[in-house]
Amino acid sequence: MTAPASLPSAPHPDTSPVEQISGDPHSGLLILCDHAGNAVPRAYGNLGLPPAEFERHIAYDIGVRALTFALADALGAPAVLSTFSRLLIDPNRGEDDPTLIMRLSDGAVVPGNARHDAAERERRLAAYHRPYHAAIAERIDAAVAAGYPPAILSVHSFTPVWRGVPRPWHAGVLWDRDPRFALPLLDCLRAEPDLVVGDNEPYDGALKNDCMYRHGTARGLAHALLEVRQDLIGNAAGVAAWAAHLEPMVRRLLDTLPELGEIRHYGSRSD
């Protein structure tokens, strides 16, 4: 299996804040990509930043759009992706999260965010953040109504070095209380002898009102957030290799774990 030879152009956030892959609604899986794009609506310019900053991890998760397309194609699964930069507003944060609109990100001051007020926050929520989550909810509602509650796989990537410290993990799985998808996925990844895999590394999965809480924990859907190190999926060859690793793992879990298609409520460590 290979990554798509060429990805379709993503919609610009001026056209749509959401990109969708149709897939099979009966597949038992929904793939999400919160930080797929690094574009900013034209009205916001570059948020006062030089263009080079939008090639960094602060603007988007490098490699994840291509990996999401490759996995959705291989698994026949639907997917929902954002089209706007996380510097505009972060769709993996709750509406009340103080890091929803970042004024400073990994050493970069964001002038276009420095003095945003409540009215501007509401504008960005209404135009970008909420439509993304509404598209996810619509997909979930349709699958549940058809009798196929989906497991959710959220695809992210992380920078190899953070604040001067190299990160040893090739990948990590983030989760809160629901172990149904996350722990078997961890086991599959750890069975690969050359991989160093983090359990809730390099981040903790118990983030109240984040995307997985909202659409997984709160709705009782099995879910896992996958983090892949960005240098491993920064080109087509890396994406193809990781898609080839992940596709049989995810397929096997969907085929052998019927509990992934059940609605169960576990609460949250962050409650």
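The values are calculated or read from the model by the stated rules, or taken from the named source; none is laboratory data. Keep in mind that what you see is a predicted model, and the values were worked out from it rather than measured. Note that we place each Cβ from the backbone using ideal geometry, even for glycine, and neighbour counts take in every protein chain shown.
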Identify the residue in segment 7-21 that is small (Gly, Ala, Ser) and at pLDDT below 95 and, among all such residues, is farthest from the chain's Cα centre (by Cα).
-> Ser9
Condition met for Ala126 (surrounded by fewer than 20 Cβ atoms within 10 Å (Cβ to Cβ), part of a helix (DSSP H, G or I) and either touching a residue at least 40 places away in the same chain (Cβ under 8 Å) or not charged (D, E, K, R) (or both)) | yes
Glu201 farther than 19 Å from Gly261 by Cα, of a type in the set (Asp, Glu) and not in a loop (DSSP other than H, G, I, E, B) = no
Go through segment 140-155 and count every residue that is crowded, with 21+ Cβ neighbours inside 10 Å and assigned to a helix (DSSP H, G or I).
-> 1
Filtered residues of segment 55-72 (kept if among the aromatic types (Phe, Trp, Tyr) and in contact with a Pro (Cβ under 8 Å, 6 or more places away or on another chain)) = Phe69
Meets criteria (among the charged types (D, E, K, R) and not in a helix (DSSP H, G or I)) for Arg214 = no
Return the total of residues in segment 232-271 being outside any loop (DSSP other than H, G, I, E, B) and in contact (Cβ under 8 Å) with a residue 12 or more places away in the chain.
-> 20
Give the number of residues within segment 65-106 that are part of a helix (DSSP H, G or I), buried (at least 20 other Cβ atoms within 10 Å of the Cβ) and in contact with a helix residue (DSSP H, G or I) (Cβ under 9 Å, 6 or more places away or on another chain).
-> 6
Evaluate the following for Tyr44: is it crowded, with 24+ Cβ neighbours inside 10 Å, at pLDDT 95 or above and not charged (D, E, K, R)?
-> no
Could we say that Asp141 is over 20 Å from His265 (Cβ atoms), of a type in the set (Asp, Glu) and out of contact with any helix residue (DSSP H, G or I) (no Cβ under 7 Å at 6 or more places or on another chain) here?
-> no
Residue satisfying condition, being of a type outside the set (Val, Ile, Thr), in contact with a helix residue (DSSP H, G or I) (Cβ under 7 Å, 6 or more places away or on another chain) and touching a residue at least 60 places away in the same chain (Cβ under 8 Å), within set Arg167, Arg180, Arg229 = Arg180
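Yes or no, residue by residue, for (1) buried (at least 19 other Cβ atoms within 10 Å of the Cβ); (2) of a type in the set (Phe, Trp, Tyr); (3) touching a Lys or Arg at 6+ places or on another chain (Cβ under 6 Å):
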residue	(1), (2), (3)
Leu174	yes, no, no
Leu185	yes, no, no
Leu189	yes, no, no
Asn200	no, no, no
Lys208	no, no, no
Gly238	yes, no, no
Trp242	yes, yes, no
Arg252	no, no, no
